[in-house]
Amino acid sequence: MSSLPDPQLPAGPIAEAWRRSREALPLISPLRKRNLTLLVVGTGLAGASAAATLAEQGYRVRVLSFHDSPRRAHSVAAQGGINAARAQAVDGDSVSRLFADTLRGGDFRAREAGCQRLAEISSAIIDQCVAQGVPFAREYGGTLATRSFGGALVSRTFYARGQTGQQLLYGAYQALMRQVAAGRVELLCRREVLELITVDGVARGVVCRDLLSGALEVHTAQAVLLATGGYSNVYFLSTNALKSNASAIWQAHRQGALFANPCFTQIHPTCIPSGDAYQCKLTLMSESLRNDGRIWLPASAGDERAPAAIPEDERDYFLERLYPAYGNMAPRDVASRRARELCNAGHGVGPGGRSVYLDLRDAIAREGRQVIEARYGNLLEMYERISGDDPTDTPMRIYPAPHYTMGGLWVDYPLMSSIPGLFVLGEANFSEHGANRLGASALMQGLADGYFIAPATVTAWLSGHPTPTIADDAPACREALERARSRIGALFQGGGTLPVDAFHRQL
Amino acid sequence: MTSLSGASGSLSLNLRIWRQDNPGEPGAYRSFRLERVGADLSLLEALDQLNEQLIATGERPVHFEHDCREGICGSCGFLVNGQAHGPRAATSVCQLYLRQFADGATLTLEPWRSRAFPPIQDLVVERSALDRLIAAGGYCSVNTGQAPDGNAMLIGQEQAASAFATATCIGCGACVASCRNASASLFVAAKLAHLGQLPQGQPERRRRARAMQQQMTAEGFGSCSSNLECEAVCPKQISADWISWMHREAR
Ligand SMILES: Cc1cc2nc3c(=O)[nH]c(=O)nc-3n(C[C@H](O)[C@H](O)[C@H](O)COP(=O)(O)OP(=O)(O)OC[C@H]3O[C@@H](n4cnc5c(N)ncnc54)[C@H](O)[C@@H]3O)c2cc1C
Ligand code: FES
């Protein structure tokens, strides 16, 4: 590969750079938009918000989703919350602080202009979601409530109990269904995108497979937006839903889109550890639990006593000991690494010594069982259902697991990949989190991409690039169809005896 | 602290599963036996294991919907011994663990049955009727960029919590499947109550209530005769009181 494509970074000081560049972006008249079709792949936070917004602006939008309903996209599982710098709290948060935290959290590997843009947009995301009816938690006085999240010293995470992703996704989904009802979005579910269609090097459509009939379909458009999520599921056991797949971005990469930072995967410190070989995934316990839960291990290696039998002075609250400023809220990568090292050194608890305690005892003593149960209700129930233990009596056992992928398809500042006309949104792109994402920043990024950034930058790109409509049987479409058909054919010819999961498990 | 270790042992199960190749052909129950599966596995993981065995013998695997496997996406759902999502209250079927069942138990698994949910294959049905109910009016009409300051409207903590409780519906369809009229009243009432309890939902409140209930009839869902089965099987425990609230709303 020769040199990197131009990232199109804005000129001048980065503060307000997004506002300046947005105001300078060319526009398209609503009348012309009506004749332009956009293809959005994925209905998670990024895809649903982009599709709804583009349709509101007048485009014809066709949406493809692997799921049977847009509401099931993996974003629905996000628990803890969404960051926004609203400078309303007393702890001195601000846009520049969220910018600095994002950059520092990402080990200075993220694009500064992109981090700044996220921080600037963050507050408008909350307003948009509130207007849609997202029932964020509120203070007694009626204002929006916040909590603090790993990697941050201020309280800037907005939440809806432990189901923030669900509520934000339903907001975007409902906005999307409103456009479906208005006839501006054509929604095609149970479709797997298999191939990108390019004409003269420009992305102009996809080939997908109807997951019920098996039929291959061609969809063409003026531009393609991929919002197909991350690739943590390349690991057999991850916190991702089972349908989360990397196939669309992988295919785009095979067809020439650059992939950036594939090694930057986030290992989340607080997951329910694994037991049986047939266990299919690891369940995340939101790290918001680290606000109240203290993480510890027996101070001496090989201590097999029950947790209650280990006296206070023989417990090692290792995050509090090592990181007095952050304590249990140390950034995810740091918390995961320390937990793993101590387990490797023989301090781990549970089966195979592969877990650490997350203990709510002190929080319950301080604030009462009821308060803690109200704060984390569904998480505690979930833990009990899976493990059979009551976390208000016995410390929870947690262990790190693959959770999020900072890497993804390379995009420039306007979120376009190295294939012109192919935009990449949400976890599928590599933007803004550098080597490590802050807790509660993925939801922020997905919605920033979908509600605010892509609608402006896609329009700007289209205004400068006439893309005449192509027929479904144009040579480029037929070739892409043929590639997909022969790949599927080759798989059927394989003739092995192992089920697909057997390969996945071995990865 | 033994429960994750597999110390709760293993058990054998008889599975009677509804098999139906496609909507056009009649279905029938088929029996399978699973020997000594880990009691710490979920029922869906046991089905994964069964499917691997079926694939090895060249038989078509059992088709069931699932995704998150943590009770939040609403993909999973079938009847276990006649009960939607199985015997455990407030639990979707993906969160049902085998330690719940006795060694040697027989479990009958069959799909949701309702006119508005056409069968697809085995345990899978088409639930897009629920999406069309939302499209009929289950939203606040606000375009991106038009939103006022989120703190401009004060919403009391209790009010926000109550709206949230109704907004947690995961759209699994268990309420419909367990209603003898196949009514979607709890689903619709939950959405109306979510938006109707918040100031943002007020401008369209009446129109929304009327449109969603009309769509419910158009989709072939039945009406509510207050048997409250829906509330009993709802994995999110949404209260059926909201159905009577809804009936007042539409007037
Ligand atoms: C358990 C869990 C908890 C989390 N909690 C938080 C949190 O508290 N705060 C936070 O900020 N972040 C959190 N995250 C991260 C965050 O949820 C995700 O990064 C984010 O939701 C991704 O959104 P997305 O829109 O990019 O993709 P997704 O929501 O994954 O959506 C992908 C979409 O693409 C479709 N798709 C995929 N492949 C194809 C294909 N080949 N063809 C057609 N369609 C396809 C799918 O059907 C789906 O609609 C959490 C993640 C997990 C796993
Ligand atoms: S698989 Fe998601 S709710 Fe059961």
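Read the figures in this text as sums done on the coordinates, not as results from a lab. The structure displayed is predicted, hence computed values, not measured ones. So basically every Cβ, Gly included, is an ideal-geometry build from the backbone, and we count neighbours across all protein chains shown.
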Given R₀ = 45 Å, FRET efficiency for A:Glu373-A:Asp473 by Cβ-Cβ distance, to 0.05?
0.15
Reachable lysines from A:Lys33, criterion Cα separation under 21 angstrom, eight or more residues apart if same chain:
none
Anchor B:Lys191: lysines whose Cα lies under 24 Å away (excluding residues fewer than 8 positions away in-chain):
B:Lys236
Summing +1 for each Lys or Arg and -1 for each Asp or Glu, what net charge is found among the other residues whose Cβ lies under 13 Å from the Cβ of B:Arg208?
+4
List every residue whose amide H lies under 5 Å from the amide H of A:Ser238, counting only residues 5 or more places away in sequence or on a different chain, with H placed 1.01 Å from N in the peptide plane.
A:Leu282
Indicate the gyration tensor shape class of region B:74-179 (rounded, prolate or oblate), computed on the Cα atoms with a ≥ b ≥ c the square roots of the eigenvalues: a/c under 1.5 is rounded; otherwise a/b larger than b/c is prolate and the rest oblate.
oblate
Would region B:175-251 count as rounded, prolate or oblate if I go by the C-alpha gyration tensor, calling it rounded below 1.5 in a/c and otherwise prolate when a/b exceeds b/c, oblate otherwise?
oblate
Between B:Ala56 and B:Glu158, what's the calculated FRET efficiency when r is the beta-carbon distance and R0 is 51 Å? Round to 0.05.
0.40
With θ set to phi - 60°, apply the Karplus curve 6.51 cos²θ - 1.76 cosθ + 1.60 along region B:94-102 and write out the HN-Hα couplings as whole Hz, x wherever there is a Gly or Pro.
5, 9, 8, 9, 5, 4, 5, 10, 7
Taking each residue in A:177-187, count the Cβ atoms of any other chain within 10 Å of its Cβ, then average. What number comes out?
4
Along the Cα-to-C-beta direction of A:Asp107, a point sits 7 Å from the Cα; which residues of region A:331-358 have their amide N less than 14 Å from that point?
A:331-338
With charges set only on the Cβ (+1 for Lys and Arg, -1 for Asp and Glu), what does the dipole of the protein assembly as shown come to about its Cα centre, in debye to the nearest 20?
1540
Anisotropy class of chain B from Cα gyration tensor, a/c 1.5 cut:
prolate
In degrees, nearest ten, helix A:454-464 long axis to first principal axis of chain A (Cα)
20
Distance in nm between label sites at A:Glu341 and A:Ala325, each 7 Å beyond Cα in the beta-carbon direction?
1.8
For the pair B:Ala232 and A:Leu498, the simple spin-label estimate (label points 7 Å beyond Cα toward Cβ) gives in nm 4.7
Under the rule that a partner needs its Cβ under 4.7 Å from the first Cβ, which Cys of chain B have none?
B:Cys140, B:Cys169, B:Cys172, B:Cys179, B:Cys224, B:Cys234
Cα to Cα, under 22 Å, and not fewer than 8 places away if on the same chain: which lysines meet these conditions relative to A:Lys243?
A:Lys281
